[in-house]
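The values are calculated or read from the model by the stated rules, or taken from the named source; none is laboratory data. This is a predicted model, so every value here is computed, not measured. Cβ coordinates were reconstructed from backbone atoms using ideal geometry, including for glycine residues, and neighbour counts include every protein chain displayed. Protein only, heavy atoms only, side chains kept; ligands, DNA and RNA dropped before computing areas. Shrake-Rupley method; radii C 1.70, N 1.55, O 1.52, S 1.80 Å.
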Amino acid sequence: MRRLSDGMLLMIVGAALGPLGLNVLSQRTLSVIDPAMPVALVALGMLVGLGVEGQRSREGRLAGAAIIETALTTAAVAAGVMLIAPVWGASTRLPFWLVALVLGICAAPSAAASLHASEDLQSPARRVGDIDGLLSIALGGAALALLREQSSPIDAVPVLLQACGVAIVIVLAAWLLIRASSSETEQRVFTAALLLLLGGAADYLSLSALLSGLIGGVFLQIIGGPARDSVRRDVFHFQRPLLVLVLIVSGARLELQTPWLGLGVIYVLIRTAAKLAGGWAA
C-alpha cells in the first residue's frame, strides 16, 4: 500500500509540475525528456524479467492462478468500460474496444508485485503478484502492436514477433560482450548500451519498451552466468531513479477531461471489484 501511495504521490507531483500546473515541466522540457522514457521502461521491464524463476515447486499452479486472476480482471474491467464510457460521454480518437482493453490490462497487475522484494519472497500471493505483472506486460505489448496495426489484428502478430526477435538479438550480442569483458567499467558501458539499443528499437518500432526489457531479462535469466549478474547489478542500481522519472513524467503528461474524471472514479470501483473476484477465483 505504501508503494502504491508513493506512486500516486509522484504522479500528482508530476501533474503539478506539468503544463496543467506550474509548467515547470513544459511541453518543450518534456519533449527533451521523452527519449529517455523508453530506456527507463526497458530497464524496469528487464528487472521484472530477471526476477522470473522457473525452478520453484508450485510455480505451475501459481502461474495458473495468475492467469485466471489476470484474465478475469482484464475482462471485467474492459466490459465495464465498454458499457459505461459511451454513456458517460467520454470521447477518444481510438475505438472504444481498444481503450477498454488497454484499461483492463492496466487494471490486472497486483499491488503484491514488486521489482525487488526482500521479504516474504516465497509467499504464494507475492509470486502470483509477480506473475500477473509478467502477463500484463505481455498483454500490453500485444495491445500496442494492435494499436499500430489497427487495419488488421492479424498483421500485428508478425510485427510483435519481429520486435521480440530484435530484442533477443540485441540482448544476445550484449551478453557476449559482457561475458568477454573482465572490467567492471566495461560491463557497465555494455549494460548501458544494451538499455539504449533496446529502448531505441522499441521506440522506433512504436512497440512496448517494457516488453522488450522483459524479453531481455527473461533471456538473461535463462542463460545465467556472470553476465546476467552484472546486468542485474547495474540495472538495479538505477531502479528507483528511473521509476521516479517514469511516474513524474507520466503525471506531467496527464490531459484531464471532465468526462474522464468521473469515469476514472467508476474505473477504480470496477477494478477493485474485479480484482477481488479474480483473487478469489485464483
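Take the conditions (1) at positive phi; (2) at pLDDT 80 or above; ALA71 misses just one of them, which is (1). Selection of helices (runs of 4 or more DSSP H) fully inside region 1-68 by the criterion of at least 1 residues being at pLDDT 75 or above and under 19 Å from THR191 (Cα atoms) returns 36-50. Applying the set (1) over 30 Å from ALA78 (Cα atoms); (2) open to solvent by 50 Å² or more (accessible area, probe 1.4 Å); (3) in a helix (DSSP H, G or I); (4) among the hydroxyl-bearing types (Ser, Thr, Tyr) to SER182 leaves exactly one unmet item: (3). Of the residues making up region 237-266, those that are open to solvent by less than 50 Å² (accessible area, probe 1.4 Å) and over 17 Å from the mean Cα position of the chain (by Cα) are ALA252, PRO259, GLY262, LEU263, GLY264, ILE266. Could you count how many residues in region 179-236 are at positive phi and within 18 Å of the chain's Cα centre (by Cα)? Qualifying residue count, region 179-236: 1.
Counting just the residues of region 79-98 that are hydrophobic (A, V, I, L, M, F, W, C), touching a helix residue (DSSP H, G or I) at 6+ places or on another chain (Cβ under 7 Å) and open to solvent by 20 Å² or more (accessible area, probe 1.4 Å), which one comes out modelled with the lowest pLDDT?
By that ranking, first place goes to TRP88.
If you go through region 21-38 and keep only what is within 14 Å of LEU254 (Cα to Cα) and surrounded by 15 or more Cβ atoms within 10 Å (Cβ to Cβ), you end up with GLY21, LEU25, LEU30.
Quick one: would you say ALA76 is at pLDDT below 80, under 23 Å from ILE266 (Cα atoms) and surrounded by 14 or more Cβ atoms within 10 Å (Cβ to Cβ)? Judged against the criteria, ALA76 is not a match.
With respect to SER206, is the statement that it is under 19 Å from HIS237 (Cβ atoms) and open to solvent by less than 80 Å² (accessible area, probe 1.4 Å) true? Criteria not met by SER206. The single condition among (1) farther than 30 Å from GLY21 by Cα; (2) in contact with a Leu (Cβ under 9 Å, 6 or more places away or on another chain); (3) crowded, with 21+ Cβ neighbours inside 10 Å that ARG228 does not satisfy is (3). Tell me which residues, restricted to region 139-179, are in contact with a Leu (Cβ under 7 Å, 6 or more places away or on another chain), open to solvent by 50 Å² or more (accessible area, probe 1.4 Å) and without any contact (Cβ under 8 Å) to a residue 40 or more places away in the chain. PRO153 - this is the single residue of region 139-179 that is in contact with a Leu (Cβ under 7 Å, 6 or more places away or on another chain), open to solvent by 50 Å² or more (accessible area, probe 1.4 Å) and without any contact (Cβ under 8 Å) to a residue 40 or more places away in the chain.
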